[in-house]
1. For segment 495-516, how many residues are touching a Leu at 6+ places or on another chain (Cβ under 7 Å), at pLDDT 90 or above and surrounded by fewer than 24 Cβ atoms within 10 Å (Cβ to Cβ)?
2. Only one of SER304, SER350 is modelled with pLDDT of 80 or more, out of contact with any strand residue (DSSP E or B) (no Cβ under 8 Å at 6 or more places or on another chain) and crowded, with 17+ Cβ neighbours inside 10 Å; which?
3. Restricting to segment 434-450, name every residue that is assigned to a helix (DSSP H, G or I) and open to solvent by less than 70 Å² (accessible area, probe 1.4 Å).
4. Looking only at segment 257-288, filter to residues that are aliphatic (A, V, I, L, M) and out of contact with any Phe, Trp or Tyr (no Cβ under 8 Å at 6 or more places or on another chain); which one of those is surrounded by the fewest Cβ atoms within 10 Å (Cβ to Cβ)?
5. Quickly run through segment 665-704 and pick out the residues that are in a loop (DSSP other than H, G, I, E, B), open to solvent by 20 Å² or more (accessible area, probe 1.4 Å) and more than 30 Å from ARG600 (Cβ to Cβ).
6. Is it the case, given these coordinates, that VAL702 is under 25 Å from the mean Cα position of the chain (by Cα) and either β-branched (Val, Ile, Thr) or modelled with pLDDT of 95 or more (or both)?
7. When the residues of segment 559-572 are filtered to those that are open to solvent by less than 20 Å² (accessible area, probe 1.4 Å) and closer than 24 Å to VAL612 by Cβ, which remaining residue is modelled with the lowest pLDDT?
8. Quick check, is VAL538 of a type in the set (Val, Ile, Thr) and open to solvent by 10 Å² or more (accessible area, probe 1.4 Å)?
Amino acid sequence: MKRIRNLVIGGIQNKIFNLIVFTVVLISAVNIIVYLYHSHMLTQLAEESNSAQQTAIAEITDSVMDQVAVQTLARSNKAEALIVDDMFEAAQNRVGLLADYAEKMFANPEDYTPQPYAGPDLALEGVWAAKVIYADGVDPEDPAIRARAGLVANLSGIMESICKTSGTDTVYIALPEGVHFSMSAISSGWIEDGKVKSYDPRSRAWYKKAVEEGRTIFTNGEWDAATGTYCTECAAPVYGPDGSLMAVIGTDLFLDEMQAVMESSLTEGEYQLLVNKDGGAVLEPQAEAFPMAEADRGSDLRSSKNELLSKVVGAALNGEDVGVLLGELENGAYYITASAMETSGWVLISAYTQENIGKPAAMLADENRRIQEEAAEVYQAKTDKSKQMATVLSVLAALLMLAGSLVLGKRIVDPLNNITRRIAALREGDLEFKMEDAYRTGDEIEELAESFATLSHKTVQYVDTVKKVTAEKERIGTELSLATQIQGAMLPHIVPAFPDRTDFDICGSMEPAKEVGGDFFDYFLIDEDHLGMVIADVSGKGVPAALFMMASKIILQSVAMLGNSPGEVLSKTNEAICSNNEAEMFVTVWFGILELSSGRLKAANAGHEYPVLKRPDGTFEKLKDKHGLVLGAIDGARYKEYELMLEKGTKLFQYTDGIPEATNTDDEMFGMERMIEALNEGPDATPEELLVNVREAVREFVGDAQQFDDMTMLCVEYKGK
């Protein structure tokens, strides 16, 4: 080692300098290699991620767009069905209004003066006018016929008003004598070769069906006699005071108008079909035919060989919600839905090609692909610029580290040597490193020494503290273990509970979420003929809840043994708890008294869960009993009782909220439905076996998830004498 002025050659300072130089070169080389490798890997990862992201987005987009389109299709179909149904309802209202006027007139004919009437007249073409048409064999000059027609003519003004205000083309009244009285602006349809056609309304489907069913009806569709237009008719019979048929009121609902309304909302790839109550296809509003077999067009679609079509039509006509189904129709895959119309009982079916539903998703996928390609180009440009910047910074850092090593070498060595010697001198019994003047360098070394001195002092203190805490923890663990044993001993734990009793079987269990819990259950014989049962859940957890639980249990059992009814037991227990409840805790309680000789159960519920009941010939079902306020909330609260008669073989299952609210790792609760399913897996099992079934179902559901609530159950089976 040589010293030239202030420069030491061959000493520790020189070695530190050489080490720093070597380290700088090595770190720089490694950093460059790692950077280049990482850059390559990141570029490759970005390309792979973009590809995977593009695929995932495409799949998610397809799924989301399919769901949106499917939901839109269902909503659109229901909305259009409501619009079409409004047309049926309007027709029904027109008929109902005219029928009301006609019924009043036929009930009091003496109050009306016969009015003039006439047959169809070409001079009145396009003008609203009442016209009378007769069936073959009817004599227009017959006094009885003239009197009836003159009476009906009193309704001409009302019929014209109905047509003009509702926008319909015609309303009409048919008499059992074969007289057809109509209001319309069309006369030419009733005249042929200059003569008025004969027309027998009694032969028409709307007349026959209204008379047969004795109510307002809609026909399945027929050609209008006057206009030759395909339509459905709404008709209703009118009866006299003696119940005899006086007339049939009707109106036309032209399907070309309905078709125009439906076509206004159709989109590309959508097909609609209007089906009557008999399952027959009535109307296809789109230009192209609905995708079904030709054989189905004139038959009941519920019998179609196409299972999807027959299923949808049958379910919709039965009033079921079919949702949106995907399947094969006549020429490809379609989404199909159907909505029933309340007024007519008809069904509107909408089908949408699967190909068109997927178009929006494909457009989004193409746009996403373009964005990803642009992002990749930007990423590559920024990566190249980052490489240049990193190289410059590495060179500057190396130069600065070399210069700093010369200055810091000497300042580092001496204090570090002093610290090293002192640390090496530490021995058992003298583990504390103390600050000395030799370490006061005014830089990080001094801070290091001070920090080590502080750490050394705290370590010595920590060792002493750990010894004390360990001893205290062992004491607390012993006390908690003893508390667990005491709490377990206070709950019924002997199975079978009453081996000498054959008229009932009862069992309970409690699993605390911590060492001790706030839930409890109990059952005891008040006398030879009365069994007391209780299950409760105290607010809070741990030792405070356990202490409150034991106090509540003792109070409740003591009050119950005095022969009080369930409601009185809860009321008196509440008074006792409220009298000294500085912690402001409360407890939910279900308490019941079973009369063993008769099976009569009297019970009261203080804010506890609903019990689950199984009759001998049934399955477990939730029993919504009367609830009162929790115990400990308000002094003076009163609790209503209810009464059940338990047949032989009846089982009653009660529990705390720790069962349905047990949570798995996905934060999903076990729930009431799964609990009842677990009970019904073995409904004929003994109470003890039922508790095991539920406990196993909960454990299988929650898996390794930590539970924060006690799980308590109680089950009794009434066997009778």
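The values are calculated or read from the model by the stated rules, or taken from the named source; none is laboratory data. Keep in mind the model is a prediction, meaning the values are calculated, not measured. Using ideal geometry, Cβ is built from the backbone for each residue, glycine included, and neighbour counts are taken over all protein chains shown. Surface accessibility is based on the protein's heavy atoms, side chains included, excluding ligands, DNA and RNA. Shrake-Rupley method; radii C 1.70, N 1.55, O 1.52, S 1.80 Å.
1. Residues in segment 495-516 being touching a Leu at 6+ places or on another chain (Cβ under 7 Å), at pLDDT 90 or above and surrounded by fewer than 24 Cβ atoms within 10 Å (Cβ to Cβ): 4 in total.
2. Residue meeting the stated conditions: SER304.
3. The answer is ALA438, TYR439, ILE445, GLU446, ALA449.
4. That would be ALA287.
5. Residues satisfying the conditions are THR665, ASP666, ASP667, GLU668, GLY703, ASP704.
6. Yes, satisfied.
7. Per the stated criteria, the residue is ALA560.
8. So VAL538 fails the test.
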